[in-house]
Amino acid sequence: MSQTINFSPVTRLSGLLSVKVVIDDGWIKEANAKGTMFRGYEKIMQGRKVTDAVYLTQRVCGICSLAHGAVGSYLLDELYGSTLSQRAQYLRNIMLVADFLQNHIRHFYFFSLPDFVEFPNRPPWQNQNLVDGRLKPKDNQRLVGHYFDAVKVAQEAHEILALFGGKAPHQHSFVQGGVAVAPTADKINRAQALLANILQFIREKLIPDTELLAQVYNDYFKIGVTPKRLISCGLFKFGEQNQDDFWPRGVINGRQFAQPDVDKIEETVANSWFEEEDGQLEPAPDKPGAYSWTKSV
Amino acid sequence: MKRNEFINLCQNYSPYQGNKGHSSLTHKILAEVSSYHDSQTEKLPVIWLETNCSCDNNISIMNTTYPYLDRFLEETIDLLYSNTFMAAQGQDAVNNLKAAANKKAGQFTLVVEGAIPLQEEYNVVFITSQGEVSALEAVKWLGGLAKYVVALGTCASFGGPSAARPNLSQSVAVSEVLDREVINVSGCPVNADWFVGTLAHLLMYGRPELDNRNRPTLFYGYTIHRHCQRRSYFDNGNFAENLGEIECMFSQGCVGPKTRADCPYRKWINVNWPVEANTPCIGCTNPDFPDGSTPFFTPLSENSNE
Ligand code: SF4
């Protein structure tokens with residue numbers, strides 16, 4: 001007897017998500033992660049000036065906004081043959097890191113923690129459906145406290161980004177050709193002070209909390225294990241033409257290490273509500289068999 | 001409870017009154033204290049619906065300082081439903097929403113973050129055993145029950161980037177699908193102060209004064225250009241030749257002259273704003289953002305959209 005369960009909405013993420021699971025004789029036959037929100041930025045960018053890309057594509061997502069702006073900037077650097085100074089590269093990377101820190105801290109504490117930790121039964125945590133709470137009361141209480149501490153440090157990470165970028169999210173100064181704000185002593189000093197608070201939080205709270213959860217939930221490492229194939233396309237660019245990666249690119253396949261072959265990476269819409277017409281992807285919400293607005297690679 | 005009654009209560013339950021020991025006094029007092037506490041902590045009940053948007057507004061609101069986010073959630077609003085913050089998931093989350101909508105009908109503030117696609121299948125907020133609930137359905141349902149409706153961000157206020165051409169989802173502003181007043185708090189994203197300040201106004205003084213676009217005049221009363229620190233450069237015809245320079249950014253596509261917001265005073269996260277960062281204002285609070293602002297970096301006077 002097969003049974004269909006719609007787990008919806010999946011909360012605590014940026015966007016709208018539902019999961020449909022089909023169970024047959026106690027086995028999961030199908031699990032469809034449904035992105036139920038159409039964005040359409042590929043179409044929005046068409047017919048606009050390429051220099052609109054940095055500001056406009058940041059608006060795809062609020063929590064990882066600069067990642068999109070950075071890629072837009074790198075492509076425009078290439079298109080215009082820009083030469084980047086080392087100082088500009090440092091500053092760009094400081095801004096990108098600040099956005100990453102903001103993202104990771106908020107993801108861990110605001111989005112993930114309520115899956116492991118019991119929160120006070122009042123808004124916005126009322127009727128929490130914690131199905132596998134395991135922490136001792138003392139640890140639980142400490143981690144709830146860290147949720148509140150994370151509020152301030154995540155804000156401080158975005159303060160670093162706004163300091164050099166004008167605003168956050170959707171910063172303004174990391175653009176084609178470099179950065180529009182100079183790293184003057186006052187700004188560097190302020191950023192260092194903010195970073196010191198963030199680092200202290202990471203060392204004293206984020207890392208120990210991660211280790212605690214990894215230990216208490218160590219059986220989770222064995223659920224849904226996939227083949228050990230990992231890819232990095234490199235991170236934090238340096239060099240006059242963005243040619244160097246601070247964190248190198250690579251593919252790990254079992255015990256083998258190789259360079260990624262980007263031509264082998266393909267975007268597919270097999271299960272997405274899109275259809276190809278005249279070489280263009282058009283939205284097709286009635287496409288049979290499709291279940292998501294999200295594409296896959 | 002009046003002062004005299006309270007003193008009487010304490011005397012009646014004093015440990016010196018024989019068998020009515022002081023632990024029963026604690027019981028009596030705790031109940032009183034907690035009901036006093038409840039009556040004193042009047043908060044704004046809020047249902048926060050996310051529709052067609054990048055969720056940048058809620059990230060921006062997490063950047064609020066004084067009050068910081070935790071204090072805002074604990075002391076200003078009772079966040080009864082929020083895709084981003086609530087702990088409940090799946091059916092439990094939907095139950096929270098239904099309970100809040102019933103229990104607080106006529107009292108809650110509906111915050112809508114995102115534009116509303118008229119092509120309903122382009123934005124489904126959740127799926128129950130009865131079927132899909134689209135953004136349009138959810139907003140119509142909750143909009144009919146709310147005391148106030150606040151459109152959060154430029155997408156919810158005016159369509160924004162979600163309705164940028166070619167607008168395949170036919171996204172529109174919240175005010176276009178509801179037959180009632182909608183308070184628009186625009187911005188891409190919103191500045192945390194504009195939103196937190198608007199909700200504080202609703203809580204403390206009720207409906208704020210609104211401009212002709214239904215935005216609180218408190219934040220959107222004047223143009224960026226009017227209060228810009230670089231106005232003297234503009235008045236003297238001193239324009240930047242590139243991004244990164246100290247002169248007026250009009251030449252770099254600044255749309256401050258037609259954009260209403262208080263960024264020059266307010267700033268972002270208290271430290272900076274786009275013109276101070278030597279880049280143009282791109283008019284993210286405007287009803288015609290982004291189509292009326294692109295191509296960016298092109299002077300307003302030469303922009304074909306003008
Ligand atoms: S930078 Fe923009 S807002 Fe400031 S004076 Fe120049 S045109 Fe006006």
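FYI, it's all coordinate maths here, none of it is from the lab. Keep in mind that this is a model prediction, so the values were computed, not measured. In this analysis, Cβ positions are derived from the backbone assuming ideal geometry, glycine residues included, and neighbour counts consider all displayed protein chains.
Structure notes:
- For region B:42-76 and region B:208-222, distance of Cα centres in Å: 20
- Computed over region A:1-64: relative contact order in percent, which uses C-alpha pairs under 8 Å that are six or more apart: 24
- Considering only alpha-carbon pairs that sit under 8 angstrom and 6 or more positions apart, the relative contact order computed for chain A is 16 percent.
- Rough spin-label spacing in nm, given labels placed 7 Å along Cα→Cβ, for A:E240 and B:N12: 9.0
- Each Lys and Arg adds +1 at its Cβ and each Asp and Glu adds -1 at its Cβ; summed about the Cα centre, the protein assembly as shown shows a dipole of about 1720 debye.
- Under 10 Å, Cβ to Cβ, from B:V125 - net charge with Lys/Arg +1 and Asp/Glu -1: -3
- If R0 is taken as 25 Å, the Cβ-Cβ distance between A:K138 and A:R203 corresponds to a FRET efficiency of 0.75.
- Region A:145-200-region B:260-300 distance, computed between alpha-carbon centres (Å): 19
- The helix-based estimate of mean residue ellipticity at 222 nm for chain B, built from -39,500 (n - 2.57) per DSSP H run of four or more residues and divided by its residue count, is -8500 deg cm²/dmol to the nearest 500.
- Farthest toward the positive end of the dipole of the protein assembly as shown, out of B:F289, A:H104, A:L206, is the Cα of A:L206, where the dipole comes from beta carbon charges about the Cα centre.
- Whole-Å distance, taken between Cα centres, linking region B:141-187 and region B:94-131: 14
- Out-of-range pairs (alpha-carbon distance over 28 Å; input A:K49/B:K258; A:K34/B:K98; A:K222/A:K287): A:K222/A:K287
- As a rough guide to protection, the peptides A:164-172, A:46-54 ranked by mean Cβ packing within 10 Å, highest first, stand as A:164-172, A:46-54.
- Scattering curve values for region B:186-278, log₁₀ I(q)/I(0), Debye with Cα scatterers, q = 0.14 Å⁻¹: -0.55
- Helix-only arithmetic for chain A: the sum of -39500 (n - 2.57) across DSSP H runs with n ≥ 4, divided by the residue total, places the mean residue ellipticity at 222 nm at -11500 deg cm²/dmol.
- Label-to-label distance for B:N242 and B:L168 is 3.8 nm, based on points extended 7 Å past Cα in the beta-carbon direction.
- Applying 0.36 nm per residue to the separation of A:A214 and A:N32 and subtracting their alpha-carbon distance, the gain on full extension is 62.9 nm.
- The equivalent ellipsoid that matches the C-alpha gyration tensor of chain A spans semi-axes of 34, 30, 19 angstrom, in descending order.
- Region B:224-293, relative contact order in percent, only Cα pairs under 8 angstrom and at least six apart counted: 32
- The protein assembly as shown - Kirkwood radius from inverse mean 1/r over Cα pairs (Å): 26.1
- Using a Förster distance of 56 Å, the FRET efficiency for A:V22-A:Y90 (Cβ separation, nearest 0.05): 0.65
- Cα shape, region B:191-240, gyration tensor, a/c 1.5 rule: prolate
- Counts of other chain beta carbons within 10 angstrom of each beta carbon in peptide A:129-142 average 1.
- Calculated FRET efficiency for the pair B:K2/A:T83, C-beta based, R₀ 51 Å, to 0.05: 0.05
- Dipole magnitude for chain B: computed about the Cα centre from +1 point charges on Lys and Arg Cβ and -1 point charges on Asp and Glu Cβ, it is near 1120 debye.
- Karplus-based coupling profile of region A:265-279, in residue order and whole Hz: 8, 10, 8, 10, 10, 3, 10, 9, 7, 9, 9, 8, 9, 6, x, with θ = phi - 60° in 6.51 cos²θ - 1.76 cosθ + 1.60 and x standing for Gly or Pro.
- Highest mean packing first, where packing is the average number of other Cβ atoms within 10 Å per residue, the peptides B:260-266, B:247-253 line up as B:247-253, B:260-266.
- Relative compactness, region A:68-181, computed as alpha-carbon Rg over 2.2 N^0.38 Å: 1.44
- Chain lengthening between A:R229 and A:A185 when straightened (0.36 nm per residue, less Cα-Cα): 11.5 nm
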